[in-house]
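Reading through the structure tokens given below for one structure.
The values are calculated or read from the model by the stated rules, or taken from the named source; none is laboratory data. Please read these numbers as outputs of a predicted model, since none were measured by experiment. Methodologically, a virtual Cβ is constructed for each residue, glycine included, from the backbone with ideal geometry; neighbour enumeration extends over all protein chains shown.
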Amino acid sequence: MAGQPPLKAGGRWLLERLDPAWAEFGLLAVSHVWLMIFLAFTLEGAGRRNPQLLARGQGAALVLGALVAAGVAGYAAALAEMFGPSRRVGRPSPRRSRLARGPVAAAGALLGLLIAIAASLWLGQVSTLLVLLTAAGMLFYQLAGRFFPAVTVLGWGLAQVLLMLIPNPELSLTWPVLLAMTHAVGCALVGHVLGARRPKLTASDGWIICLGWMFLSLLLAGLMRRSEPAGWWAAAAQAHTLGLGPLVAVVGLGPAAVWALHRSHIAGEPRWARAARFARLGVLWLILYDASWLISASLWRQAAVLTGLLILAAAARPILTAARQALEAPPSYRVTLAPDVDEPR
């Protein structure tokens, strides 16, 4: 990067270390938060809406929700940059300098956390508490996940739950949260096996994952039971087929996964690359679930917003690749002229 303008050199340094998977996770976090904000302003019962959220208005709430989601995603990405190498067999380590894994990554984590906390203060004390709980959970995920596979699998599902609870902790429409959590746990489990991650899953890990999923499901069911009947059932009666969109998305996941893995097999990709392809599909499908709930509820404008996020997430990897190529230093050539010699007579 010598000889490049400082701004261009800094942009290239950042792009080289920015994993597209974290850009996709950031858009997923925004999608989750915005889904719950849209539901709070449209379908939730009167007693199941966050008063602080309603007081801000939908426009301001969406901005605050995006800041919370971006802050949490940035915090998670910085933690991943700080802690250990990948646990996938044969996967090359990303380009990390000592500076990136030390003070810069720590500063990024702190900045992301402060942004998320500051934005959540406008949503109420419970939302702020959930942001702190999410941050603590992500730190525990990074520290313990490398030793206990069950923590990795359940932690990914728990992250979906906490993110979706932040904007409206009083929610009654917990079906979207339950679907996202179940999908995340299942994809994390398949990805762990598919990518040959270490340590390997054991029978005890399987039991812990099952019990953890049951506990989270019962917790979400308890929130649903406490709600007024007019909340969920009136929304279901209004849309007639509120669960049709998510059901179609669930059915479509199988063929999409088979197609993605078949392409990976044809391309001769290693196991870690197949797991990464499957994980990316899982993230995109979570955003698709969010949009499908709004489509089934006939909230077309809100669904169009989340569909836009889905398209942006699908294009994030090609966009970052093109940006890296645009910022690459142009090739340089050195020409050496041969000395003049007398031709033989």
Scan (1) touching a residue at least 40 places away in the same chain (Cβ under 8 Å); (2) buried (at least 22 other Cβ atoms within 10 Å of the Cβ); (3) under 30 Å from Arg49 (Cα atoms) for the single condition Met181 breaks and write down its number.
-> (1)
Mind counting the residues in segment 201-255 that are assigned to a helix (DSSP H, G or I), of a type in the set (S, T, N, Q) and either modelled with pLDDT of 90 or more or crowded, with 16+ Cβ neighbours inside 10 Å (or both)?
-> 2
Within segment 24-71, track down each residue that is of a type in the set (Gly, Ala, Ser), buried (at least 19 other Cβ atoms within 10 Å of the Cβ) and within 23 Å of Ile311 (Cα to Cα).
-> Gly26, Ala29, Ser31, Ala61, Gly65, Ala69, Ala70, Gly71
Restricting the search to segment 137-157, which residues are surrounded by fewer than 21 Cβ atoms within 10 Å (Cβ to Cβ) and either at pLDDT 95 or above or more than 18 Å from the chain's Cα centre (by Cα) (or both)?
-> Leu143, Ala144, Arg146, Phe147, Phe148
Sole residue being at pLDDT 85 or above and either farther than 24 Å from Val153 by Cα or assigned to a helix (DSSP H, G or I) (or both), chosen from Leu320, Leu306, Leu337 | Leu306
Residue count, segment 256-294, condition part of a helix (DSSP H, G or I) and under 16 Å from Ala196 (Cβ atoms), comes to 12
For the subset of segment 83-102 comprising residues that are assigned to a helix (DSSP H, G or I) and surrounded by fewer than 18 Cβ atoms within 10 Å (Cβ to Cβ), which member is modelled with the highest pLDDT?
-> Gly102
List, please: which pairs have Cβ atoms under 7 Å, are six or more places apart or on different chains, and start with a residue in segment 48-71 that is touching a residue at least 40 places away in the same chain (Cβ under 8 Å) and end with one that is surrounded by fewer than 18 Cβ atoms within 10 Å (Cβ to Cβ) and of a type in the set (Ser, Thr, Tyr)?
-> none
Restricting the search to segment 166-180, which residues are within 14 Å of Gly222 (Cα to Cα) and either assigned to a loop (DSSP other than H, G, I, E, B) or under 16 Å from the mean Cα position of the chain (by Cα) (or both)?
-> Pro169, Glu170, Leu171, Ser172, Leu173, Thr174, Val177
Picking from Ala106, Ala69, Ala80, Ala61, the residue that is closer than 22 Å to Leu189 by Cα and either among the hydroxyl-bearing types (Ser, Thr, Tyr) or modelled with pLDDT of 85 or more (or both) would be Ala80
Check segment 122-145 and report whether any residue there is more than 30 Å from Ala46 (Cα to Cα) and outside any helix (DSSP H, G or I).
-> yes
